[in-house]
Amino acid sequence: MTTSTTIARNERRESPVSGHEARADVRVGRIGLGTAGLVALLVSAWGGIIPYVGPVFNYSGDGSGSWHWSLAHTVLALLPGVLGVLLGFFVIAEARGITVGKGRLSLAAAGTLLMICGAWFAIGFLAWPVIADSGPYFVAATHLRVLADEVGYGIGVGLILVFCGAYVVGWASRHQLKASVLPETTAGAVAATADRSVKTDRPAETDRPVQSDRPTETDRPVQTDRPTETDRPVETGRSVERGI
């Protein structure tokens, strides 16, 4: 009784998180992962298309008209925006349990690429005058308008993408590590439980020899010392009364 109680306590102590709790944790984590992918998708779409549609509602950072195709718009907005949208779709698909591209791209790699896109959005318009050997990307305007252009075109979009990418990388490193370690821990716990099996050296009840030293009822000798009715001598000394 004591041995079985000790084994049960050890099993409860060493057993990993129950299946229900693990599934609930992963489900809640995937909701956050899907949200990060959706935010990255929307922000990347905004950053990629804003130089082309911004002038429609008088929001042009470089002073160009709507749907004006240029090298600066392509390199600083369109390319990182398209890549961010694709990565956002990938993260959403992974959050829903859909394998994309036969699993060749991991979540950690997708998050790292999202952070690179965000960094390029943030510093691209500052590096462009050096790369293209031209003037500033944004046209001269009031301080408030310049701040709105920098936040809407570059810094704001870049910071959000960096945050989403960092979240994806952190989620992947945390949950994928659990997924790889948990089976090993479970196998170790099962092996340890099997090693601590109850000792069966004690003989069973059926193995104990039957004590047959005491004589049974059938082994007792029958007492035949008492004379039976037939063994008594017939009294012949008395005369038999006969009718005279």
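If you go through the range 158-168 and keep only what is within 16 Å of I92 (Cα to Cα), buried (at least 19 other Cβ atoms within 10 Å of the Cβ) and of a type in the set (A, V, I, L, M), you end up with L161, V168. Of the candidates G84, G63, G103, the single residue that is modelled with pLDDT under 90 and closer than 30 Å to P129 by Cβ is G63.
Any chance the range 91-99 includes a residue that's in contact with a Pro (Cβ under 8 Å, 6 or more places away or on another chain), of a type in the set (D, E, K, R) and modelled with pLDDT under 95? Within the range 91-99, not a single residue is in contact with a Pro (Cβ under 8 Å, 6 or more places away or on another chain), of a type in the set (D, E, K, R) and modelled with pLDDT under 95.
So that you can scan it fast, the table gives a plain yes or no per residue for (1) exposed (fewer than 15 other Cβ atoms within 10 Å of the Cβ); (2) part of a loop (DSSP other than H, G, I, E, B); (3) under 22 Å from the mean Cα position of the chain (by Cα); (4) on the phi < 0 side of the Ramachandran plot:
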residue	(1), (2), (3), (4)
W46	no, no, no, yes
A72	no, no, no, yes
G88	no, no, yes, yes
A93	no, no, yes, yes
T99	yes, yes, yes, yes
I123	yes, no, no, yes
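For E150, the requirement of being assigned to a helix (DSSP H, G or I), out of contact with any Cys (no Cβ under 9 Å at 6 or more places or on another chain), modelled with pLDDT under 85 and of a type in the set (D, E) is not met.
Name the single residue that is farthest from the chain's Cα centre (by Cα) among those in the range 144-155 being closer than 14 Å to L126 by Cβ and surrounded by 15 or more Cβ atoms within 10 Å (Cβ to Cβ). Per the stated criteria, the residue is V146.
The values are calculated or read from the model by the stated rules, or taken from the named source; none is laboratory data. Just so it is clear, the model here is predicted, and its values are computed rather than measured. Every residue, glycine as well, gets a Cβ built from its backbone with ideal geometry; the counts of neighbours run over all protein chains shown.
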